[in-house]
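The values are calculated or read from the model by the stated rules, or taken from the named source; none is laboratory data. Since this is a predicted model, take the numbers as computed values, not measurements. Here the Cβ is made from the backbone with ideal geometry for all residues, glycine too, and neighbour counts use every protein chain on show. Side chains included, ligands, DNA and RNA excluded: accessible areas come from the protein's heavy atoms. Shrake-Rupley method; radii C 1.70, N 1.55, O 1.52, S 1.80 Å.
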Amino acid sequence: MARYGMAIDTKLCVGCMDCVVACKTENNVPEGYNRDWITEEAFGKFPNINLEIRSERCNHCENAPCVSSCPTGASHYHDIGGVVLVEYNECIGCKACIASCPYDARFIHPDGYADKCTFCIHRVEEGKDPACVSVCPTNCMIFGDLDDPNSEISKQLNSRKHHSLKPVAGTNPKIFYLT
Amino acid sequence: MHEITTTRNNHLIDPSLEIWGWEIPVYLFLGGMVAGMMIITGYFLFKQRQTEETCSCRYVPWVSLVLLSLGMFALFLDLEHKLFTWRLYTTFQVTSPMSWGAWILIIVYPAILVTILITPPKWLVEKFPVVKKYSEWLNERKIWIKNIGVANMILGAMLGMYTGILLSSLGARPLWNTSILWLLFLVSGLSGAAAFVHMVAKNVYERELLAKADNGFLTFELFVIALMIIGLLTSTQVHQEAAMLILTGPYAATFWVFVVGIGIIIPLIIQLMAVNHKVNHTPWAPIMVIVGGLILRFVIVEAGQVSSWF
């Protein structure tokens, strides 16, 4: 059983937003909304300033509060890779999942249901990479099976320093940032 | 320096969460009031006071029915995918307080209706003669009425508790993420309901009893608020920052003036004087308690959405 995750090399990401555009195009994300976005975090003291550029999205947490707070079971772990998905026809738009997400990765689609990154599961099922990964001009994003020791993502995570977002929230995110 | 910039600007999500407007605080308030009314009515039924012509347990369930329906309507208005609301009742999600709440509400309705059946009003009996038959059947069995009273108290407590647990289970919002929130909402619901029944009571016994009970609830509510703040201030940085939102931040004035001052302390002083016969009972104190309870829900829901994990 695969366990899908993503690693993003912050040394290669230039914040070009190709991933954002690819996602919006691939998934028909409505105007004014984003399933993925770019975050720039600057820290340090001049002249020693560090800048980390990150492509962010739903972290497809292993202990996802959006799944446990959903009253109808619309938010669920997909059989393939443990990807966190929303069954639109079961969502009542109560917004409990949005309130429970420490990453604010979800939003209400203009049609009324909760929406977010799906890891482009429709592409993954066809053996392709998610749209954001496939268009990245610097190849900073790696998508793959975290349980396969020979996958590129496992090799990178085993050999490079990395961090996830808000690990203290206890959600076990499956997106990692290589530093 | 530590600066974060993002290209994300999702509607109702950025720059801070605004997903829940007036509907949810109103629903939580009305749910709390109904919870308190059920507990009070249940107590009077348990004490077999339904035989008294002026007992509040004869008319308060009607108020509960109306308030609960209004609250559920507010909740329905908040749903964004309204046509799929029925999905709540095709499943039970044990980890979701909202799922628990949906099913609790389904059980609360018949409990209130059965309570109404114990002492139905004349117009109802005239319109539906069968009501009289069931009412007489119930009134011949005192133990049933006691059990209906106990059921009202248990279901009322579950309803009041769930309105707090609903928010406190959402760990991403540190202000809500305190395990004492259920107690705050339950005791606030009880104090609001006691204030209401105190205000409308048709006999001196109930008016005096509920004024005294309300004083107890209000005093206890002050302790619960203090404990909640102490709990947040002694927790992690994000919880401390969340506490500061209501202590000194943008919600502080509303919280201290309307929730603590006008909603608890001033009516408590007035009602303490009333039960000691220094002043006459006045509807102003109960009105202040009820308004304070409503504003408490608004402050907690709105400030909670602003609080986050950095």
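Dipole magnitude for the range A:4-178: about 600 debye, using +1 per Lys or Arg Cβ and -1 per Asp or Glu Cβ, origin at the Cα centre.
Based on the Cα gyration tensor of chain B, what are the three equivalent ellipsoid semi-axes, each the root of five times an eigenvalue, rounded to whole Å and given largest first? Walk me through the numbers before you get to the answer.
Values: eigenvalues 269, 126, 43 Å².
Equivalent ellipsoid semi-axes, largest first: 37, 25, 15 Å.
Other residues lying with their Cβ under 12 Å from the Cβ of B:Glu18 contribute a combined charge of -2, Lys and Arg counting +1, Asp and Glu -1.
Given a cut-off of 21 Å, what percent of all Cα-Cα pairs of the range A:4-178 lie beyond it?
Working: 7392 of 15225 pairs.
Value for the range A:4-178 (Cα pairs over 21 Å): 49 percent.
A cut-off under 14 angstrom between Cβ atoms defines the neighbours of A:Pro71, and their net charge, with Lys, Arg +1 and Asp, Glu -1, is -2.
Debye-formula intensities of the range B:1-131, expressed as log10 I(q)/I(0) at q = 0.15 Å⁻¹, are -0.86 (one equal scatterer per alpha-carbon, no solvent). Positive contributions from Lys and Arg (+1) and negative ones from Asp and Glu (-1), summed over other residues with Cβ under 14 Å from the Cβ of B:Pro121, come out at +2.
Scanning residues 5 or more positions from A:His162 or on other chains, those with amide H under 5 Å from its amide H are A:Thr179, with H placed 1.01 Å from N in the peptide plane. Residues in the range B:285-298 carry Karplus couplings, in order, of 4, x, 4, 5, 4, 5, 5, x, x, 5, 5, 4, 5, 4 Hz; the curve used is 6.51 cos²θ - 1.76 cosθ + 1.60 with θ = phi - 60°, and Gly or Pro positions show x.
Across the range A:171-179, computed HN-Hα scalar couplings (Karplus, 6.51 cos²θ - 1.76 cosθ + 1.60, θ = phi - 60°) run 9, 6, x, 10, 10, 10, 10, 6, 10 Hz from first to last residue, x flagging Gly and Pro. For the range A:1-71, the set of GluC sites (Glu not before Pro) satisfying both a DSSP loop assignment and a count of at most 10 other C-beta atoms within 10 Å is given as A:Glu31.
In chain B, the longest principal axis of the Cα atoms and the axis of helix B:129-139 are about 90 degrees apart.
With contacts taken as Cα pairs under 8 Å and at least 6 residues apart, the range B:6-143 reaches a relative contact order of 22 percent. Using θ = phi - 60° in the Karplus curve 6.51 cos²θ - 1.76 cosθ + 1.60, the 3J(HN,Hα) couplings for the range B:266-278 round to 5, x, 5, 5, 4, 6, 5, 5, 5, 6, 9, 6, 8 Hz; x is entered for Gly and Pro. Counting only heavy atoms of the protein chains and using a 1.4 Å probe, A:Lys155 has close to 100 Å² of accessible surface. Of all lysines in the structure, those lying under 26 Å Cα to Cα from A:Lys95, and not within fewer than 8 positions of it along the same chain, are A:Lys24, A:Lys116, A:Lys166, A:Lys174, B:Lys82. Around the Cα centre of the range A:79-127, unit charges on the Cβ atoms of Lys, Arg, Asp and Glu (plus for the first two, minus for the last two) sum to a dipole of about 220 debye. Compared with the dominant principal axis of the Cα atoms in chain B, helix B:237-247 is inclined by about 60°.
Set the Förster radius R0 to 60 Å, insert the Cβ-Cβ distance between A:Lys166 and B:Val279 as r into 1/(1 + (r/R0)^6), and round the FRET efficiency to 0.05.
Once the sixth-power term is evaluated, E becomes 0.65.
Computed extension length for A:Ala42-A:Ser134: 30.4 nm, one decimal, from 0.36 nm per residue of separation with the Cα-Cα distance subtracted.
Taking the Cα centroid of the range B:18-60 and of the range A:133-179, what is the distance between the two, rounded to the nearest whole Å? For the range B:18-60 versus the range A:133-179, the Cα centre distance is 52 Å.
For the chain pair B and A, buried accessible area totals roughly 3500 Å², probe 1.4 Å, rounded to the nearest 100. Cα centroids of the range B:258-310 and the range A:46-66: 42 Å apart. For the range B:23-306, calculate the relative contact order in percent as a whole number, restricting contacts to Cα pairs under 8 Å that are 6 or more residues apart. Computed value for the range B:23-306: 24 percent relative contact order. Summarising the overall dimensions of the protein assembly as shown from its C-alpha atoms, the Rg and Dmax are 26.6, 87 angstrom. Rg and Dmax, both from the Cα atoms of the range A:1-78 and both in Å, are 16.2, 52. The distance linking the range B:167-205 with the range B:75-137 is 21 Å (Cα centroid to Cα centroid, whole angstrom).
Using Cα atoms only, what is the angle between the long axis of helix B:181-200 and the major principal axis of chain B, expressed in degrees (0 to 90) to the nearest 10? It works out to around 40 degrees.
For the range B:100-141, GluC sites (Glu not before Pro) are listed when DSSP marks them as loop and at most 13 other Cβ atoms sit within 10 Å of their Cβ; the list is B:Glu140.
When Rg and Dmax are taken over the Cα atoms of the range B:251-301, they come to 11.7, 38 Å.
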